[in-house]
Every structure is written in structure tokens, then in C-alpha cells.
1. Once amide H atoms are built 1.01 Å from N in the peptide plane, which residues 5 or more positions from ILE304, or in another chain, come under 5 Å H to H?
2. With 10 angstrom as the radius, rank TYR95, TYR229 by how many other C-beta atoms surround their C-beta, starting from the fewest.
3. What is the extension gain from ASN300 to ASP7, computed as 0.36 nm multiplied by their sequence separation minus the C-alpha to C-alpha distance, in nm to one decimal?
4. Whole-Hz ³J(HN,Hα) for each residue in the range 70-84, computed from phi via Karplus 6.51 cos²θ - 1.76 cosθ + 1.60 with θ = phi - 60°, x for glycine and proline: what do you get?
5. Translational diffusion coefficient, Stokes-Einstein: compute it for the range 1-115 using the Kirkwood radius over C-alpha pairs as Rh, at 25 °C and 0.890 mPa s, and state it as an integer in µm² s⁻¹.
6. Starting at the first residue of the range 264-280, write each ³J(HN,Hα) from the Karplus equation 6.51 cos²θ - 1.76 cosθ + 1.60 with θ = phi - 60°, in whole Hz, x for Gly and Pro.
7. Compare the peptides 138-150, 315-327, 274-286 by average per-residue count of other Cβ atoms within 10 angstrom and give them in order, highest first.
8. Hey, with R₀ at 45 Å, roughly what FRET efficiency would GLU39 and LYS119 work out to, going by the Cβ-Cβ distance, to 0.05?
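Please treat every number below as a calculation from the coordinates, not as lab data. What you are looking at is a predicted structure, and each value in this text was computed from that prediction instead of being measured. Heads up, the Cβs are rebuilt from the backbone with ideal geometry, glycines too, and the neighbour counts pull from every protein chain shown.
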Amino acid sequence: MKVPYFDLKRQYASIKGEVELNVIKSLRSTQYSLGPEVELFEKNYSKYVNSNFCTGVNTGTSALHLALLSCGIGAGDEVITVSMTFIATVMSITYTGAKPVFVDVCEDTQLINYKEIEKKITSRTKAILVVHLYGQCAEMKHIIKIARKYKLKVIEDSSQAHGAKHFELYAGTIGDVGTFSFYPGKNLGAGGEGGAITTNDKKIFKKVNELRNWSQPKRYYHKEISYNYRMDGIQASILNVKLKYIKKWTLSRRKIAEYYKNNLNNKKFTLTHEKSHNYHVYHIFSIFSKNTKKLQKYLNANGIGTNFHYPVPAHLQKPYLDLGYNKNDLPFTEQVSKNQLSIPIFPEMKTSEIEYIVKILNNY
């Protein structure tokens, strides 16, 4: 049997008619940049995550960039974040002229260790950029408390956490501002690129909307340096269809994850931990082994697709070597990067595929 790591064709086949009708409708409207489909998506997504405001943009990276700028982050500032993330999180800080300051992650959840945050706060620290990695929220209750104590902004990178919850609060609505990516492989994916910014702060919302579209209150009259980060109508038309299914798809992901957790019993690897006060949406299902390359080779030989998230943490990537971090500075981050392996988890998986993966892993 062959089981792909992910299969977008299956998802597309299940909603093909609706998606194509809505795309055609968008094409015929000729509202290709922003427009009614984008406005509808912003309204729908805001309702989904229970935020006061939502702004659609062209990518998740743009969303991060605008979120930081809207919080006043700029040259000379420091932003505390994690190194165990996709590089866009860190580069978005660099785009503003600020400096990323890395905190280690927790061994059991692979999320930012809030107990390490205060040690990294200086007079230049202006924000904490939290990453809700793999589909689970970080310990926001504690992080918000620290942020308020030091008057720091909190930005949530929720690119892997559409619909995730922390004490019943949705990812992207707990801090000052949240960001999302709609890259095709995400739990909610566009037909290309897309992103969104959510907030309950009207000032941040206003600033984000200005910055995404050349900061022009009147056409061709510009207030400040700004960007072309607009969401396009065709992507919004696809997202508006998919958003109707996100709760159903999330339940499928959680059901698969539960099966894995209940039936994987091989002591040669461990699984990520879900906190009882969190609602994990399982964008990624991670297993941890001391020899992941050997495990990956074994799974691939048995027809099972896999991936690594992420093999080289940001503090050891070439663009950030000048920050002065060395190996073992972030021990759990580096441990995760060496030992993590992602196995298939997507809503359209067949029962036979899930059972096969468990069988192969237990026989390892």
C-alpha cells in the first residue's frame, strides 16, 4: 500500500463543483483584487474565530509583517520568538528592522517555554511573537500575563492553528493580533497563496488595512511607506467554500490523531503531547525518534510519505548566524529538529491507510 504524506486532489474532488462555481462567479465579477469575495471571507473568518476584525492579505508572511508593523515594531526593537518554526516567522521580524530573540521550546509540546521568556526581556523588547506549532496553542494564559507586566505586544502566528483553542479562546484572538496562512497544504488552504490578520483592536485593524493597500485614504495620495499585500478575489472565493467544511475536516484530523495515540505502542518513538485545556487541530502529527532518518527510510520503503518540521532551526540557519547563537544554546529546540518526523494526517485519509500506518510503525 502507498499512503501519501498529503493529497490535495482528494480534498479538491470532494468539493470540486462548489469551488469551480464560486471561482467562475468571481472571474465573471471582474473584482480580482479585494472586492466582495474578500469582504465576505473577512466577515466569515472573523465569525469563525470569534474576532472583532479580520483583514485578508496575499500570504501568511505578509500577515506577519503587517501584524508586527501595526504593533509599532521597527528598527532597534527586539521581538521574542522561537527558533523551532518555519523561517517566515523569523524573517517577518527582520523585515521590520527588529531583532529576533530566541527562546527554547518545551520538550513535551514543542511550543514556546513561557518560563524562559522573562530571562530574555531587555529595554529593547517590544513584543512576543508566539507560534502555535503543529496545530496546538502555546501557553497563552501565562504569556499574556508576562506581556502585560512588561507592556509588550503579543502577536500570534496561527498559520498551523486554524480553529485551535486555548481555554475555549481561538488561536489568533488571544493576543493583540493574530496571523494565518492559507498556503494550500494548511488546514484551510487557498488555491495558491493567502493570509489573514485577526484582532479585537480597532486601531490595529485600521493600521493593517492601510498598510496592505499602499496607505491611500484617497487614490494616489499616500500617507506612509506601505505595501501591496492585498488578497485576490479568486483565492477568497475558494476559501469561502472551504471554510464551510473546516470544522468537519478538523474533527476528521482529531479522529485520526486519536487513533494514532490509542494504537501506536512502539517504545522506539514518542508522540507529541496535547494539553487538556487546548483544542489541537493537528495540522501536523509528530513522532519523535533518536534516528528519524532511519525511521523515515523504513516508512518510505513501506510506501508511507513523511516530512520533517523542521530539520534546521532558525538560529542555526545561515541568515541568522550573525546573531551569535551556537549549537546547544536552545537544547530542546535542537532536540526537536533532530528527532521529529511528521506522518500522514489529512481529513480524506482512508481507514485502511490509517490502520496500515499504525501496523507498519508498530512493527518498526
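1. Distant-sequence amide H within range of ILE304: VAL3.
2. On the way: TYR95 16, TYR229 22.
Ordered by Cβ neighbours within 10 Å, fewest first: TYR95, TYR229.
3. Values: separation 293, 0.36 × 293 = 105.48 nm, distance 1.59 nm.
The ASN300-ASP7 span can extend by a further 103.9 nm.
4. For the range 70-84, the Karplus curve yields 5, 8, x, 6, x, 4, x, 7, 10, 10, 7, 7, 10, 8, 7 Hz.
5. Values: Rh = 17.8 Å.
Translational D for this selection: 138 µm²/s.
6. Ordered by residue, 3J(HN,Hα) equals 7, 10, 6, 6, 7, 8, 10, 10, 5, 9, 9, 5, 5, 8, 10, 10, 7 Hz.
7. In descending order of packing, they fall as 274-286, 138-150, 315-327.
8. Details: r = 44 Å, r/R0 = 0.97.
With a Förster radius of 45 Å, E is 0.55.
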